[in-house]
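Presented below is the structure to which this report refers.
We did not get these values from a lab; they are worked out from the coordinates using the rules stated. Note that the structure is a prediction, hence the values are computed from the model and not measured. FYI the Cβ positions are ideal-geometry reconstructions off the backbone, even for glycines, and counts take in every protein chain you see.
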Amino acid sequence: MNHAAQPGQAERDLLRDSLRGFLGRHWPAARAVGGHADAAALRAIWRGLAGQGLTALGSDPEIGGMAEVLVAMEELGRAACPVPLYDAALANLALGQSVDPQACRLLAELHAGDAMLAWAFGVADGDAGAGAVMVRGNHADGVLRFVDAGLAATHVLTPGAQAGVLTLLSCAGPACVANPARAMGMDGQAELTFANAPVLALPGAAVRPADLHRLRRLCLIARAHGAARRAFEMAVDYAKERQQFGKPIGSFQALQHKLANCLISLEGVRLTAHNAAAQYERGSADWRYFASAAIAYAGAALRQVSLETHHAFGAIGYAEEHEAPRHFRRVHLDCLAMGGVRRAREELAAHYFDQAGSLPRHDLGAAGNAFRDEVAAWLAIHWSGERKAAFDARPFHEREFDSAFARDIGKTGWIGLAWPREHGGQARTPIEQIAFMEEMERGEAPRIGASVQATALMLFGTPAQQGKYLPEILAGEAMHGMGYSEPNAGSDLAALKTSAVRDGDGWVINGQKIWTTTWWGKYMFLAARTNREARPAHAGISMFIVPMDTTGIQVKPAATMYDGTFSNIFYDNVRVPADALVGEVDGGWKVLTGALATERGLVGGGIVLKVAHGFKQLCDLIRASARQGQPLREDPLVRERIAQFAADIEVGRQLMMHCAELAGTGATPPETGAISKVFSGELMERIGEGALEILGMAATLSQGAPGAIQNGRFEQNLRHSLMWVISIGTNEIQRSLIAQRGLGLPR
Ligand SMILES: Cc1cc2nc3c(=O)[nH]c(=O)nc-3n(C[C@H](O)[C@H](O)[C@H](O)COP(=O)(O)OP(=O)(O)OC[C@H]3O[C@@H](n4cnc5c(N)ncnc54)[C@H](O)[C@@H]3O)c2cc1C
């Protein structure tokens, strides 16, 4: 595949806009429900879509392939239009290259809008109730159920007994009877009964039936996504207008957080589904895995979005005259069809446990892939064998940093891989940063850098500060702690009380910081109040770089729940020179948030890469383990759990890639980074819990305990996971940000 002239995002946006406009005119919401059971209306909209060239999608990659089909399916879902465009697309993909005259004729009729076909997969459908047709010679009998717009269907296509041959049945004439079938209280589907119906064999099918089946399910998910997103958008608008207790309901945090969850899910579905389609277009063998992951995630996530949407509407959305109920039905029908989530999870489990598959690596482009290899090769030399084994044997609190390793990697310049060249960096793209992070996780290398502080210095430091501190960071010689939180200032950082008072040619700092992780670093990047009167409170904060060997600093380390350490740090008349100030006096909020905003985009990515690495270890262990003589990989509950995690990891990775791609264009909307951080942090907790459930008590044995599994890795992962949910802005704070910045809900 991989055609140079394939449509890009701009063309897809155009397709989306024009189809939305077309459906708005010709299949308006008010007519959508009645039209479902009206064969004439269905045929009319079908011909209209054909006139727009849509029934030909899939026949010529330069006009549109799976990526465009998904866009069209989403729009049909939004408009509650049940015509089977996906089945036309599958026919185009399968028979587009066929020279068989009957196949060519069928496609010509399809493109003209004269034919409307449905695919039937029979026993391979995935749903036992879907029915099947039995072909005997030149005739077929049987019943097909749940056929979309089946009252208007002219043909049915079904994989033939022979490879590369499809069987075509005509719905015209007395051999086929179509009866309307209500499903979930909605018209639109039909049951087709064939009795001695003539069949035609169409040779030259270019796509395997199993692949067509998977593509069809991907299309259904896209349509469900369109429907779920449309209802969700309506609910968000409603939440901005509907008043209760004297304010818009969208200002209530309970609702904000539910709607933020919905947006996270919808983004997860959108990104994974479109990635699967893009991989298919590229001819990547991994597209099947990505499609299964998208379907497995979407099936459960979209149904939840649909429920939450209705909760937000209250009773108004419960009335049939409202648009939301039809979307609710669409979402549930499409997520269940053809085996739905269950089938997709079976495929993922089979990938890991029957086909010896592993988590597919993302294609990071030529530069990203090459850099990934370079980092892997470097780590194989510098972080392996006895050196790594000696490090792994240390207690966890001694594994938070390795100064010799930091200096070694400092020689590569990779600590500044994302920095601009003027500061000695390598100006690499966010995708290359992902490549680096991924290999560091895979190689289980210790953490490096002081990236937030370096960013702050590059953005707000003086040339003298940059010249002094950045080279030390770059060389791996200096770590900076982050002195923000105080006993009474956590999420509400602007409430901090530690003071910095100007005194002669310097500043005097007094106060207490808490939970500071990198307390052992050379410097502290410290937020202090320089103006008590300032309103709002955050306008009176300034940032300082404080050498940790300055007189008056007292550090009281405490153990964290994950065996690491953080500290209470007391600053008692700590005197620093004037040039310790970073940015302007009282301008610290800008320094603090500016640096964090730049970093935040990839925080979620960092988390999901850790999760992915732990997941790989878990799958390897399951493959090698047995319970009561039975291989663990055969346990249906284990398989289901692993499949669920695999799908979730793919969502996390897609959210990460999305952030990186946006950052590459210079835009990192805060809600995008927040979505990635929230999802990945909570996924780490879920997999942490799941791993222990799967492996049992032995996995709770900690590092050093006799019989501990992999040095206590799995139980330690769980204890560590909470940190990612609580720190760097708790997930509740992030959800509020998503709701307010991403959805425009009122504060
Ligand atoms: C392992 C670890 C390492 C850390 N390292 C550092 C460090 O190096 N430097 C540093 O400065 N800090 C560090 N922190 C502190 C971290 O930044 C804070 O824990 C975090 O900002 C939350 O503050 P808090 O703990 O006071 O919780 P609180 O703010 O008291 O929150 C408690 C609960 O209330 C919720 N909540 C609070 N406000 C709202 C709101 N407006 N809406 C909805 N819910 C709300 C929170 O989401 C949370 O669930 C670390 C924390 C941990 C756990």
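Summary of values
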quantity: Among Leu417, Ala231, His111 the positive-end extreme of the charge dipole of the chain (Cβ point charges); calculated: Ala231
quantity: Between 0 and 90°, nearest 10: helix 9-26 axis offset from the chain longest Cα axis; calculated: 50
quantity: Relative contact order [Cα under 8 Å, 6+ residues apart], the chain, whole percent; calculated: 10
quantity: Normalised contact order of segment 472-566, rounded percent, pairs of Cα under 8 Å and 6 or more residues apart; calculated: 27
quantity: Fraction of antiparallel bridges per DSSP, segment 435-566 only, in percent to nearest 5; calculated: 75
quantity: Positive-end extreme of charge dipole, the chain - chosen from Ile448, Met723, Ile642 (charges on Cβ); calculated: Met723
quantity: Sum of side-chain charges, Ala489 neighbourhood, beta-carbon under 12 Å (Lys, Arg +1; Asp, Glu -1); calculated: +1
quantity: Long pairs among Lys388/Lys616; Lys556/Lys616; Lys388/Lys513; Lys513/Lys590, criterion Cα-Cα beyond 26 Å; calculated: Lys556/Lys616; Lys388/Lys513
quantity: Cα centroid separation - segment 593-667 against segment 520-547, whole Å; calculated: 36
quantity: Cα lying deepest toward the dipole's positive end in segment 476-630, options Met543, Ala624, Ala478, charges on Cβ; calculated: Ala624
quantity: C-alpha center-to-center spacing [segment 239-256, segment 680-697] in angstrom; calculated: 35
quantity: Extension gain from Thr665 to Arg208, taking 0.36 nm per residue of separation minus the Cα-Cα distance; calculated: 160.7 nm
quantity: Kirkwood hydrodynamic radius of the chain, Cα pairs, Å; calculated: 28.4
quantity: Segment 203-350, relative contact order [Cα under 8 Å, separation at least 6], %; calculated: 33
quantity: Kirkwood hydrodynamic radius over Cα pairs of segment 255-361, then Stokes diffusion coefficient at 25 °C and 0.890 mPa s, in µm²/s; calculated: 162
quantity: Part-to-part distance (alpha-carbon centres) for segment 333-411 and segment 700-747, which is given in Å; calculated: 19
quantity: Helix-only CD estimate at 222 nm, as mean residue ellipticity for the chain, using -39500 (n - 2.57) per DSSP H run (n ≥ 4); calculated: -16500 deg cm²/dmol
quantity: Compactness of segment 168-252 as Cα Rg over 2.2 N^0.38 Å, two decimals; calculated: 1.86
quantity: Cleavage-rule hits (chymotrypsin sites (Phe, Trp or Tyr not before Pro)) in segment 202-308: DSSP loop, at most 13 neighbouring Cβ within 10 angstrom; calculated: Phe245
quantity: Chain lengthening between Asp579 and Leu701 when straightened (0.36 nm per residue, less Cα-Cα); calculated: 39.0 nm
